[in-house]
1. Enter the Cα centre distance for the pair region 32-64 and region 193-263, rounded to the nearest angstrom.
2. Go through region 181-187 residue by residue and turn each phi into a ³J(HN,Hα) via Karplus (6.51, -1.76, 1.60, θ = phi - 60°); whole Hz please, and just put x for glycine and proline.
3. Extending each Cα 7 Å along its Cβ direction at Gln361 and Glu201, get the distance between those two points in nm, one decimal.
4. Using the Karplus equation 6.51 cos²θ - 1.76 cosθ + 1.60 (θ = phi - 60°), what ³J(HN,Hα) coupling, rounded to whole Hz, does each residue of region 42-59 give in order, writing x for Gly and Pro?
5. Note the listed values [x] 23.5, 79; [y] 21.1, 71; [z] 20.1, 58, then indicate which one is Rg and Dmax of the Cα atoms in Å calculated from this particular structure.
6. Search the structure for amide H atoms under 5 Å from the amide H of Asp114, placed 1.01 Å from N in the peptide plane, and list their residues when 5 or more places away or on another chain.
7. What residues of region 158-177 lie in the reach of a label at Asp236, counting those whose backbone N is under 19 Å from a point 7 Å from the Cα along Cα→Cβ?
8. Per-residue accessible area for Lys271 at 1.4 Å probe radius, Å² rounded to 10?
Amino acid sequence: MSLSAAMLIGIQSLMPAMAEQQPVSTSKSVTEIRELFHFFHTPANVVQIQVANDKTLYAWQNMSAFQYTMQIERDGPISLLPEKIDPKIGQLTFTRPGKALETVAQHFDNSNMDGLLVLHKGNVVYESYKTMRPFDKHQWFSCSKVIPGTMVELLALEGKIDIKKPVSTYVPELKGSGWDQVTVEETLDMATGLDSTEHEEPNDDARVNPIRGWYKWAVSLGLFEDKQNLNQSPFDVLRNMKKIKPGHTVFEYNSINTFVLELIVNQVTGKTLNEVFGDRVWRKIGAQNDAFVGVTKYGLGNGWGFVNTTLRDMGRFGMIFTPSWNKISKEQIIPDSLITSIQKDGKPEIYLKGFVGKELQKSFPDIKGLSNRYQWDIVFPDGDFYKGGVGGQGLYISPSNDTVVVWFSTGKQQEEILAREIVKSLGV
């Protein structure tokens with residue numbers, strides 16, 4: 001991207017609340033929409049699709065206009081989400097570090113949040129929309145990562161993938177490269193020990209420095225302009241990555257890992273992610289709407305960051321990790337053993353050794369022993385887990401409290417703190 005990750009986080013947190021309080025898809029004039037098309041389809045501006053601002057407020061709710069996509073088709077009866085609205089949730093108070101006390105409702109009204117949904121025991125207990133309609137689809141960004149991750153985990157439980165084996169066992173294009181020394185599990189856990197991470201340290205410039213492997217990978221996908229005429233494929237970039245430390249020693253956040261997981265899914269199933277996820281999840285949970293996922297112009301997956309759904313359907317996805325899975329699905333899609341592995345098998349000792357772990361700890365400075373596992377950003381000692389997106393999207397799961405909190409935003413402002421406060425107020 002045109003900004004370093006640290007700069008991006010800072011800008012998003014400082015963005016003023018969007019003045020627009022009506023659905024952005026209908027409030028923009030045709031002239032404004034055409035200008036947005038021109039802007040984002042100019043090669044030098046493509047990278048800006050990932051930066052929260054007044055232009056992406058529209059783009060993130062209309063992503064299929066700016067990215068190649070593949071449909072995740074729904075089927076069957078729509079699962080009911082009974083409404084048992086609890087107005088007290090809006091009056092819950094919480095505090096972000098360095099900020100004044102605020103209520104959930106105040107934060108929603110004054111922040112960059114576009115939509116917020118809370119599901120408790122399978123019921124809708126709180127729901128608010130600001131710049132979008134309930135049926136509008138919104139970009140998930142990195143919340144998407146748990147989808148390829150979950151597909152790999154399910155295939156592993158069926159014996160079709162051995163997560164202890166090297167990645168190159170399943171992606172032949174990577175044989176003879178550093179990926180021979182990286183296991184599928186290390187890739188799932190963002191702890192490969194390879195270079196070309198998304199937040200290379202001590203200089204966090206992987207997103208802006210053309211010599212960095214991550215930057216070259218983004219160029220190869222078409223996310224950055226190929227100013228140097230490298231003409232590299234993603235496989236070229238991946239084969240050039242070097243092993244620089246043992247696996248599972250540092251939590252090194254990297255979207256390349258999720259890209260590789262999707263390649264494994266493709267190779268093992270012989271299908272694209274939209275079909276695998278559609279078969280295994282989407283057409284089983286009574287989704288109300290089709291979803292879609294981004295792809296490159298050559299058909300390689302962008303499931304690491306470009307899934308788009310409605311808010312309620314995102315909530316339905318979250319429910320398959322809770323005891324209320326049977327209220328939307330006839331079968332238990334996520335086995336208890338997988339949830340237990342997410343909760344228990346992370347490595348807290350590596351969490352604070354990388355950039356993202358340190359950043360996320362700032363939201364919960366008093367909680368010790370945070371970890372990550374299977375593409376989830378935070379696994380709490382009490383068993384809750386959370387995944388966030390760079391632009392302020394969020395998916396918070398509490399199996400013990402049978403609660404799911406999901407939200408869309410155009411600019412991240414530590415909404416994971418809000419979500420945890422809501423979950424704890426709904427203790428079963």
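The values are calculated or read from the model by the stated rules, or taken from the named source; none is laboratory data. Please read these numbers as outputs of a predicted model, since none were measured by experiment. With ideal geometry, Cβ positions are generated from the backbone for all residues, glycine too; neighbour counts draw on all protein chains shown. Just so you know, the surface numbers come from the protein's heavy atoms only, side chains and all, with ligands and any DNA or RNA stripped out. Shrake-Rupley method; radii C 1.70, N 1.55, O 1.52, S 1.80 Å.
1. 24
2. Values per residue, Gly and Pro as x: 9, 10, 7, 4, 4, 4, 5 Hz.
3. So the label points at Gln361 and Glu201 sit 0.9 nm apart.
4. Each residue of region 42-59 in turn: 8, x, 5, 9, 4, 4, 5, 5, 9, 10, 5, 6, 5, 6, 6, 4, 7, 4 Hz.
5. [z]
6. Close amide H contacts, sequence-distant or interchain: Phe408, Ser409, Thr410.
7. Under 19 Å, as judged by backbone N against the label point of Asp236, lie 173-177 of region 158-177.
8. For Lys271, solvent-accessible area is about 100 Å².
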